[in-house]
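Here the structure is laid out as structure tokens; the discussion comes afterwards.
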Amino acid sequence: MMEINEHKLSDLIDKKLIQEIQDSFSDATGMVAFVTDANGKNIISSSKQTNLFKKVLKASGALTSPGSNSSLYNSAGVYFIAAPIDLTGRNIGMFIAGQVLTEQPDNTSAQKFASDIGMNTSEYMTEASMLKVMPEIEIRGFVPLVGSIAKLISSKAQSEHIKLLNSDDT
């Protein structure tokens, strides 16, 4: 019989469904969206993630210490939302959306932000110039939606988990 701790998110959710969720959210909002496993690794690669965003995520610590609710983060001037995906009270992944700015950074801000995440200023400025800019209130408006999507993924994982447990009993 398979134990709860043996099930990973990638065992419970079809990768095509995850890809569809990521792509649909990104298309609708202009944000990058992706699902990670419990270790913070993308389940499906997200080609839209910039090097800047990857460094921001790593520096923020959000991938390794998820909260219990969806949360808005601002690290090095880059905003993102992270929501945990749980299975019977255990974190098995996260739904993350963002890679947006509220304004393009000036040189002084860029120097500080770049230093905070281990990038040189010109690389930071180049990558920041490619990010979508939106008002913070609009970004905050997506926090409940990201949380709801994570809860739906959690629910689907729970259903698949129960199916697998019941099939192990037979």
- [ ] Have a look at V133, V146 and point out the one that is of a type in the set (A, V, I, L, M) and more than 19 Å from G77 (Cβ to Cβ).
- [x] V146
Open item on the list: As an exercise: evaluate H161 against (1) more than 23 Å from H7 (Cβ to Cβ); (2) touching a His at 6+ places or on another chain (Cβ under 6 Å) and give the number of the one condition it does not meet.
Closed with: (1)
TODO: State whether the residues of segment 114-126 include one that is out of contact with any helix residue (DSSP H, G or I) (no Cβ under 6 Å at 6 or more places or on another chain), of a type in the set (V, I, T) and either without any contact (Cβ under 8 Å) to a residue 24 or more places away in the chain or open to solvent by less than 80 Å² (accessible area, probe 1.4 Å) (or both).
DONE: yes
Task: Test: V100 is of a type in the set (A, V, I, L, M), free of Cβ contacts under 8 Å to residues at least 40 places away in the same chain and under 21 Å from S46 (Cα atoms) - done: no
TODO: Quick one: which helices (runs of 4 or more DSSP H) lie wholly within segment 106-170 and hold at least 2 residues that are of a type in the set (F, W, Y)?
DONE: none
Open item on the list: Anything in segment 79-90 that is under 13 Å from the mean Cα position of the chain (by Cα) and open to solvent by less than 10 Å² (accessible area, probe 1.4 Å)? List them, or say none.
Closed with: F80, I81, A82, A83, I85
Task: Count - residues of segment 27-42 that are open to solvent by 20 Å² or more (accessible area, probe 1.4 Å) and over 11 Å from the mean Cα position of the chain (by Cα) - done: 5
Open item on the list: Here is a list: S129, S148, S154, S159. Which entry is under 26 Å from I44 (Cα atoms), of a type in the set (G, A, S) and crowded, with 18+ Cβ neighbours inside 10 Å?
Closed with: S154
TODO: Could you check, for segment 91-111, whether at least one of its residues is under 26 Å from D37 (Cβ atoms), open to solvent by 20 Å² or more (accessible area, probe 1.4 Å) and under 18 Å from the mean Cα position of the chain (by Cα)?
DONE: yes
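The values are calculated or read from the model by the stated rules, or taken from the named source; none is laboratory data. Keep in mind it's a predicted model, so treat the numbers as computed, not measured. In this analysis, Cβ positions are derived from the backbone assuming ideal geometry, glycine residues included, and neighbour counts consider all displayed protein chains. Note: areas computed on protein heavy atoms with side chains; ligands, DNA, RNA excluded. Shrake-Rupley method; radii C 1.70, N 1.55, O 1.52, S 1.80 Å.
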